[in-house]
Each structure stands twice: as structure tokens, then as C-alpha cells.
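What follows is calculated from the coordinates using simple rules that are stated; it is not laboratory data. Note that the structure is a prediction, hence the values are computed from the model and not measured. In this analysis, Cβ positions are derived from the backbone assuming ideal geometry, glycine residues included, and neighbour counts consider all displayed protein chains.
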Amino acid sequence: MTETSTWATKKGLAQMLKGGVIMDVVTPEQARIAEDAGAVAVMALERVPSDIRAAGGVARMSDPSMIEGIMATVSIPVMAKARIGHFVEAQVLQALGVDYIDESEVLTPADEVNHIDKHAFPVPFVCGCRNLGEALRRINEGAAMMRTKGEAGTGNVVEAVRQLRDVLAAIRRLQGMREDELFVAAKELQAPYELVRQIAAEGKLPVVNFVAGGISTPSDAALVMQLGAEGVFVGSGIFKSEDPARMANAIVQATTHFDDARIIAEVSKGLGAPMRGIAMESIPESERFAVRGW
Amino acid sequence: MTAAPMTADPGTPVRIGVLALQGAFREHLETLAGIGVQGVPVRLPRDLAGIAGLILPGGESTTIRRLIARWELRGPLLDFAASGAPMFGTCAGLIVLAREIAGGEEPILPLMDVTVRRNAFGRQLDSFETDLAVPVLGDPPVHGVFIRAPVIERVGADVEVLARLDDGRVVAVRERNLLGTAFHPELAGETRFHRLIATMAAEHQERAEGSGHRQQPTRRGGAAGSSSAA
């Protein structure tokens, strides 16, 4: 029997992206630069998160012709973002044939209660999370890949670090629990008991987990890799830096050799200025992306 | 658990490298551990010392190509193949080994006398699973997971076809010490390919230890000479 779009193929593509860098791009030219620098995939969107943050207003799915232009330019997988809960944007992206859909808090949510039923789609989804409970709710809805949200468009890695540590520490706590304590753990995580039990037994998420939101230097990428990320998304950090091609390549090298400080030092030399960052204290709660989705 | 393939000298267990530049290398290391074989991540040329075989995992071949070039792994990997040590490429790993990539891309380590086509089935929505008869592995059939998979469009005269899809397209091949699959045995709990390369690695190590030097060279592709199959 031949079957397409199975769970194994959906989560399997994310497994093939591990140890790699997925880069935000807004034009086919940027997509080409990303591919040449060694990106494992590109995220096609209209504006990088720091520009979305600056522009304000409602951020939506990108123009399909722009996404198609990028798909026609590169041979690596192309991802694209749909608004949280906007299952018609997801249907459109699937119709275009994108390789992965990001149900993303970087865009303005379309539904304040429900996320997309991702099991209903042949195309796989990646979703953001701030903690283990969010991750398990998204996986229960059918997400085949996770990423911690960080705080996109800030160039500040602090939220990414905190969220990744939160997810991994919560997994370690589950591993230390007695069977009869997992029922309450599931209630407190607001997550399905079966998934909680599986994670307590296996000590890891059932899907690949990347880090996003705030990675802007090779050392940032290596930091989250050493903490236990399986790969990184870099948004504004590349095309808002002084020399995007060099920065992109250096982050790719540092993600592969994340535990070799001499190599990270070598690739970090003379990269020019990284993107200008934003301190978290200067972003009011209402303007933070990570609190979107629940 | 079945016993691991042993070398003649039980004091020297076989260690198999897994190219760990990018991709699903951990799945291969876990599959090796599951059959009692020590796996070693390979990221730099020095990591090739002391291993008797090498697995090239799935991932993005464009990324792996650049990392091979950046860390000067190409020459050492070609020498490793020329020593007769077995190499097994899955999906992107098969593309890395292929002497020719359809569509005009430069080959990466031109070793295996095959032409592969990247993303031959289409995009992610065309990824699939299917059962495959692989006669050299016997029963039961292999469960193949194909993810944005390549296909083998041409095989050289010395290349043995190990598996085909129902429509006849070639998806697994062997040429002397080189093994390649378009699909992912490591994602399906399939251990027989890993046992096969472990056995080949043990034989290679035994030969190398027995003679005190490397022998049975596999021809190098590219500039080193194309003494092609007849």
C-alpha cells in the first residue's frame, strides 16, 4: 500500500531539517542568498518580524504570487505562515503546494479561541510554544514540528532561552514523576494525559523542536543548540544585519559545530553589525507576539 | 536483540561513523546502538580516524554539500571510500554519493556510478510510505518512508539494483562498498541495512588488520580518473 502525507512523512520532513537553519525571506533574491548560505529551508513572508512590529496594523498571510516566486527559485523546502486559527489561509497555502505551514503568532491571530485543526490537512504544520503545555496542545491538534516562540523581531535571545529551558525542564520533571502523579501533571499542563505519559516515558517531545524568535548571531544559535534545540529559525537576524550572506553562512556553521567554540569564534570574525536589538522591558505586554496563542 | 556482527578480533569492535553535519544523524546513531554497534558522529576530517564504515544521513543535500566543502571533508571522504570502507547514503546521503545529479548540479562526492534526480516525486505533499521487496534482505519487505525523495534514474554496469517501486523506478542500489537508498530505513525501525553495512565494515576492518594496510580500493570519481564500467 502506498500512502501519502502520513504522520511519518509529516514529522519526518522536520527530522530531515534538524541541525539546520530555517531563514525568513521576503523575496526570491533573499531565498537564493539563504539557500546559497546553507539554509535547510526558507520561510516565505511579506515582511520580517521586526518590520511587522514596526509597521503595526494587521499582519496576514503573504501574497501567493510572492510565495510561488520563492518556490520556483529554490530547491530546498519552502514554508509559509498562516494566522492562528485561519484555516482558510492554511487551505490556500496548501493549494500552493508549500512544504510546511507555520501557524504563527507573528501574524495577527484570526481566532482568539481555536487553533487550526491540523490533522485535517495533508500538509504538515509547525507551531510556536512558550512552554510544554502549549507544545502538547499544538501537537494534539496535529502539529508535526514545534518551535519555541522567543520574541520575534527583537534580536534579543532572552525569551528564546527562557522558553526552551521551560519546555525542557518540564519534560525532566515529568520523567521524575510516579505514574499516579501524571494525571495531575496533565491537568496542570492543560494537556492530554496520553501525551504527558508518553513524554514522561520517552523524555522528549514526539516531534522535532526548533527555537525561534531572537536568534541574531552565530553564538546565539550555538547557545540554544547547546541547551537542547534541534535547529533554529532565524527571522530578522539575517536580512536586518549588515552583511546578510555572511551572517547567514556563519549561523549555519555555528549550528552544525555548536559545541566547538574555536569554530564558532572563527565564523564570528568580521561579520559586520548584527541587527539592532530591542530590550524586552521596552516592549509593552500588548505588543508581544509570544503571548498570542494559548 | 541479536548479536552484533563481530570482527575476527573480538578486541576491536567495529565503529561506524555517521556524517553529522546536518539532518537525521541521531536516528542513524540510535539505529546502530539498537543493533549493538557503536556509532560515531563525524563533523570534521579528524573524526574519520578509527571508523570502519560511514553512514550519510538524510537532510538537505544543498546544506550538506556546503558544509562538506567548508570543512574540507571532500578529499578525506573520497580517500575513505577508496580504502574500501563501506559507505551507506540514505536520501540526501545517496545524492552526496552519486556520480551524477540530474538537472546539471555538480556532483558532491562523485563515487557511485548512478544518476539521481532530487525531489523526484514532487514536493512534501507527495511524500509517501510503501512496502518494498528487497531480495538481498529477504522477508519481510522493507517499509520505505520517502520524504521529498530522490530517485535513481541511471545505474552503471557494476551497480546492483536492490529495490524498485512497483512502477519500476530504482530506489536502492549497491556498488562494491557503496550502498544507497532513496528512502529512510532509520525512520521505520528497519535495521537490516544497518546490519548489512556493519557486516561490510567488519569485513573491511578484518582485511585492513590482516594485511596491515588498506586494500581493495574503490575507484575514485571525478578528476582522479573515470575508469568507468565497461
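Each residue of the stretch B:145-153 was assigned a 3J(HN,Hα) from its phi angle through the Karplus curve 6.51 cos²θ - 1.76 cosθ + 1.60 (θ = phi - 60°); the sequence is 9, 10, 10, 6, 7, x, 9, 9, 8 Hz, with glycine and proline shown as x. Calculation over all alpha carbon pairs of the stretch B:7-228 in 5 angstrom steps from 0 returns a P(r) of 1, 7, 16, 21, 22, 17, 10, 4, 1, 0, 0 percent. Taking a quarter of the surface of the Cα convex hull of the stretch B:55-104 gives a mean projected area of 3.6 nm².
For peptide A:269-277, how many partner chain Cβ atoms fall within 10 Å of a residue's Cβ, on average?
Numbers: counts 0, 0, 0, 0, 0, 0, 0, 0, 0.
Averaged over the peptide's residues, the number is 0.
Full extension of the segment from A:Thr6 to A:Glu287, taken as 0.36 nm per residue of separation minus the current Cα-Cα distance, would add 97.4 nm.
Scanning chain A for GluC sites (Glu not before Pro) in DSSP loops with at most 12 neighbouring Cβ atoms within 10 Å leaves A:113-241 as the longest stretch between them. Taking the alpha carbon gyration tensor of chain A, multiplying each eigenvalue by 5 and rooting it gives semi-axes of 28, 23, 19 Å, largest first. Exposure proxy ranking for A:Lys18, A:Lys269, based on other Cβ atoms within 10 angstrom of each Cβ and starting from the fewest, stands as A:Lys269, A:Lys18.
Percent of Cα-Cα pairs more than 19 Å apart in the stretch A:155-207, please. The share of Cα pairs beyond 19 Å in the stretch A:155-207 comes to 28 percent. In chain B, the calculated helix contribution to ellipticity at 222 nm averages -7000 deg cm²/dmol per residue, counting -39,500 (n - 2.57) for every DSSP H run with n ≥ 4.
Which whole number gives the average, over all residues in B:123-136, of C-beta atoms from other chains lying within 10 Å of the residue C-beta? Could the numbers behind the result be given before it?
Values: counts 8, 16, 11, 5, 11, 8, 10, 4, 2, 0, 0, 0, 0, 0.
The per-residue average across the peptide is 5.
Report, in deg cm²/dmol and to the nearest 500, the calculated mean residue ellipticity at 222 nm for chain A, where each DSSP H run with n ≥ 4 adds -39500 (n - 2.57) and the sum is divided by the residue count.
Working: 13 runs with 128 residues, N = 294.
Value at 222 nm, helices only: -12500 deg cm²/dmol.
Based on every Cα atom in the stretch A:212-294, Rg and the maximum pairwise Cα distance Dmax equal 13.7, 41 Å. Within 10 Å of the Cβ of each residue in B:145-153, the mean number of Cβ atoms contributed by other protein chains is 3. Using a cut-off of 23 Å between Cα atoms, the listed pairs A:Lys10/A:Lys187; A:Lys11/A:Lys187; A:Lys81/A:Lys187; A:Lys149/A:Lys269; A:Lys240/A:Lys269 include A:Lys10/A:Lys187; A:Lys11/A:Lys187; A:Lys81/A:Lys187; A:Lys149/A:Lys269 as exceeding that distance. Along its principal axes, the protein assembly as shown has C-alpha extents of 71, 54, 47 angstrom, given from the largest down. Listed from fewest to most Cβ neighbours within 10 Å, the set A:Val78, A:Val267 follows the order A:Val267, A:Val78.
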